[in-house]
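*Asks:* First, the structure itself, so that you have it in front of you.
The values are calculated or read from the model by the stated rules, or taken from the named source; none is laboratory data. All values reported here derive from a predicted model rather than from experimental measurement. Glycine gets a Cβ as well: all are built from the backbone with ideal geometry, and neighbour counts include every protein chain shown.
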């Protein structure tokens, strides 16, 4: 299974945003169970910028990236990804780029807390809790 992780889920973990952090940590832990996790390359730069701004430290931002990259791979953002994302004409260009990056890796799911940002997506969009239920097969989780 391949899963593209939206920036908000990664930031929930790295910035320890409650009450979302716990589910995000569990999603990242799926990488140890054979689930292939990805962040888009453009999300990596966004994460660095946001953490550097929030924590006022380049060192913390860099350490945060090293930490998350131990669990995830990077989905390329190429010129063709950008062109296709522009063509989607979504309200949020960043989400369109993530979506097309997900298409390119043939993601089975995109995990986000903002499913409404991906309303016309053909890839199934799930929350962290929903993904955990899918992976564990536990509908009561």
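*Asks:* In the stretch 21-48, how many residues are touching a helix residue (DSSP H, G or I) at 6+ places or on another chain (Cβ under 8 Å) and in a helix (DSSP H, G or I)? Show your work before the answer.
*Replies:* Keep residues of the stretch 21-48 that are touching a helix residue (DSSP H, G or I) at 6+ places or on another chain (Cβ under 8 Å), which gives 21, 23-28, 30, 33, 35, 37-44, 46-48.
Within this subset, residues satisfying the condition of being in a helix (DSSP H, G or I) are 21, 23-28, 30, 33, 41-44, 46-48.
Residues in the stretch 21-48 being touching a helix residue (DSSP H, G or I) at 6+ places or on another chain (Cβ under 8 Å) and in a helix (DSSP H, G or I): 16 in total.
*Asks:* Here is a list of conditions, (1) more than 12 Å from the chain's Cα centre (by Cα); (2) assigned to a helix (DSSP H, G or I); (3) surrounded by 15 or more Cβ atoms within 10 Å (Cβ to Cβ), and residue 99 meets all of them except one; can you say which number that is?
*Replies:* Condition (1) is where residue 99 drops out.
Yes or no, residue by residue, for (1) crowded, with 20+ Cβ neighbours inside 10 Å; (2) closer than 19 Å to residue 126 by Cβ; (3) over 14 Å from the mean Cα position of the chain (by Cα); (4) free of Cβ contacts under 8 Å to residues at least 40 places away in the same chain:
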residue: 67; (1), (2), (3), (4): no, no, yes, no
residue: 84; (1), (2), (3), (4): no, no, yes, yes
residue: 87; (1), (2), (3), (4): no, no, yes, yes
residue: 109; (1), (2), (3), (4): yes, yes, no, no
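*Asks:* From 35, 13, which residue is touching a residue at least 60 places away in the same chain (Cβ under 8 Å) and crowded, with 17+ Cβ neighbours inside 10 Å? Reasoning before the result, please.
*Replies:* Numbers: 13 fails: touching a residue at least 60 places away in the same chain (Cβ under 8 Å).
Answer to the check: 35.
*Asks:* Here's another thing I want to ask about it. From the residues in the stretch 117-137 that are over 12 Å from residue 2 (Cα atoms), crowded, with 17+ Cβ neighbours inside 10 Å and in contact with a helix residue (DSSP H, G or I) (Cβ under 9 Å, 6 or more places away or on another chain), which one is modelled with the lowest pLDDT?
*Replies:* Step one: list which residues in the stretch 117-137 are over 12 Å from residue 2 (Cα atoms), which gives 117-122, 125-130, 132-134, 136-137.
Retained after the next criterion (residues that are crowded, with 17+ Cβ neighbours inside 10 Å): 117-118, 121, 125-128, 132, 134.
Filter again for in contact with a helix residue (DSSP H, G or I) (Cβ under 9 Å, 6 or more places away or on another chain), leaving 117-118, 121, 125-128, 132.
Working: 117: 87, 118: 91, 121: 93, 125: 97, 126: 97, 127: 97, 128: 97, 132: 97.
By that ranking, first place goes to 117.
*Asks:* Something else: Please find, among 114, 140, the residue that is modelled with pLDDT under 95 and over 13 Å from residue 5 (Cα atoms). Give the steps one after another, and end with the answer.
*Replies:* Working: 114 fails: over 13 Å from residue 5 (Cα atoms).
Testing whether each residue is modelled with pLDDT under 95 and over 13 Å from residue 5 (Cα atoms) leaves just 140.
*Asks:* Going by what's in this entry, would residue 22 be described as farther than 20 Å from residue 98 by Cα and more than 11 Å from the chain's Cα centre (by Cα)?
*Replies:* Working: farther than 20 Å from residue 98 by Cα: yes; more than 11 Å from the chain's Cα centre (by Cα): yes.
Yes, satisfied.
*Asks:* Something else: Given the conditions (1) part of a helix (DSSP H, G or I); (2) over 18 Å from residue 121 (Cβ atoms); (3) modelled with pLDDT of 95 or more; (4) in contact with a strand residue (DSSP E or B) (Cβ under 7 Å, 6 or more places away or on another chain), and given that residue 74 satisfies all but one, which numbered condition is not satisfied?
*Replies:* The number of the failed condition is (1).
This table checks each residue for (1) modelled with pLDDT under 95; (2) outside any loop (DSSP other than H, G, I, E, B).
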{"site": "83", "(1), (2)": "no, yes"}
{"site": "95", "(1), (2)": "yes, yes"}
{"site": "106", "(1), (2)": "no, no"}
{"site": "110", "(1), (2)": "no, yes"}
